[in-house]
1. Determine whether the stretch 121-131 contains at least one residue that is free of Cβ contacts under 8 Å to residues at least 12 places away in the same chain and among the hydrophobic types (A, V, I, L, M, F, W, C).
2. Going by the structure shown, is residue 156 surrounded by 13 or more Cβ atoms within 10 Å (Cβ to Cβ) and either of a type in the set (A, V, I, L, M) or in contact (Cβ under 8 Å) with a residue 24 or more places away in the chain (or both)?
3. Could you grab me the full set of residues in the stretch 156-204 that are more than 15 Å from residue 223 (Cβ to Cβ), assigned to a strand (DSSP E or B) and charged (D, E, K, R)?
4. Please indicate, with yes or no, whether at least one residue in the stretch 77-91 is modelled with pLDDT of 90 or more, polar (S, T, N, Q) and either part of a helix (DSSP H, G or I) or under 22 Å from the mean Cα position of the chain (by Cα) (or both).
5. Of everything in the stretch 194-226 that's more than 26 Å from residue 132 (Cβ to Cβ) and of a type in the set (Gly, Ala, Ser), which residue is surrounded by the fewest Cβ atoms within 10 Å (Cβ to Cβ)?
6. Counting only residues that are under 56 Å from the mean Cα position of the chain (by Cα) and among the small types (Gly, Ala, Ser), which one in the stretch 114-143 is surrounded by the most Cβ atoms within 10 Å (Cβ to Cβ)?
7. Looking only at the stretch 159-168, filter to residues that are surrounded by 12 or more Cβ atoms within 10 Å (Cβ to Cβ) and among the aliphatic types (A, V, I, L, M); which one of those is farthest from residue 124 (Cα to Cα)?
8. Pairs needed: first member in the stretch 99-118, closer than 26 Å to residue 170 by Cα; second member anywhere, in a helix (DSSP H, G or I) and among the basic types (Lys, Arg); C-beta distance under 6 Å; at least 6 residues apart or different chains.
Amino acid sequence: MAESKKKQTGAEAEAGSKNSKAAQDGDVETEGKSASDPGKQNSGKAETKNTEEKKPEAKTEQADEEDRKTSGEAPEAEDETAKLQEKIDHLTDQLQRQMAEFDNFRKRTEKEKSSMFDMGARSVIEKILPIVDNFERGLATVPEEEKDDAFISGMDKVYKQLQTELDALGVKPIKAVGQKFDPDRHNAVMHVDDENAGENEVVEEFQKGYTYKDAVVRYSMVKVAN
């Protein structure tokens, strides 16, 4: 029994020794790993540093590429601006021309309308003037003692009213007797030697002439002294 207990005690001592040695070996391995880890850590830091150093280089290359693109785009932008400005100038010139043409058209249209109105008015006046002549001839034949007659008085009032309306429209009689002959206003149908009249002086009027807005509607038919 004593010998068996000794063997058991020796076995336990040997097992404890083995466990202690294994523990020591584990500590040595752990220390080895720990010793090797700083190298790995330093290597990782170096790689990180290299990566960080490479980033500015990449940024510089990207900036250079952007500068090249910008420098290449600048002439294109200038060309596009020049084309747009040329188009704007062309459209502005067209607009100014059209506005000038429209203004000329408006003025021409107004002038034509005014001319057409004047032509129409002149045509009407030319038709009214013979009526005025008949009034004057009829009233000129009335004896002095009959001028107070109601009918004659009424005809005279109609004649004066007609003259007033013609004057308001711009129709004016042309002065003839006593005036120097004017071929632009007078139509000489007779010439006479008259010592009491000046040369080329109108001495008699056969038919009264009229103007409308300073334009002759009908020439005065006159007798002129030589």
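The values are calculated or read from the model by the stated rules, or taken from the named source; none is laboratory data. Model, not experiment: these values are computed from the prediction. Glycine gets a Cβ as well: all are built from the backbone with ideal geometry, and neighbour counts include every protein chain shown.
1. Start the filter on the stretch 121-131 by keeping residues that are free of Cβ contacts under 8 Å to residues at least 12 places away in the same chain, which leaves 123-124, 127, 130.
From what is left, the residues that are among the hydrophobic types (A, V, I, L, M, F, W, C) are 124.
Within the stretch 121-131 (the criterion being free of Cβ contacts under 8 Å to residues at least 12 places away in the same chain and among the hydrophobic types (A, V, I, L, M, F, W, C)), the answer is yes, since at least one residue qualifies.
2. On the way: surrounded by 13 or more Cβ atoms within 10 Å (Cβ to Cβ): yes; either of a type in the set (A, V, I, L, M) or in contact (Cβ under 8 Å) with a residue 24 or more places away in the chain (or both): no.
No: the conditions fail for residue 156.
3. The answer is 172, and nothing else.
4. Yes.
5. Quick first cut of the stretch 194-226, residues more than 26 Å from residue 132 (Cβ to Cβ) only: 194-200, 225-226.
With the extra rule that they be of a type in the set (Gly, Ala, Ser), the set shrinks to 197-198, 225.
Details: 197: 17, 198: 11, 225: 19.
The selected residue is 198.
6. 121
7. 162
8. Cβ pairs passing all conditions: none.
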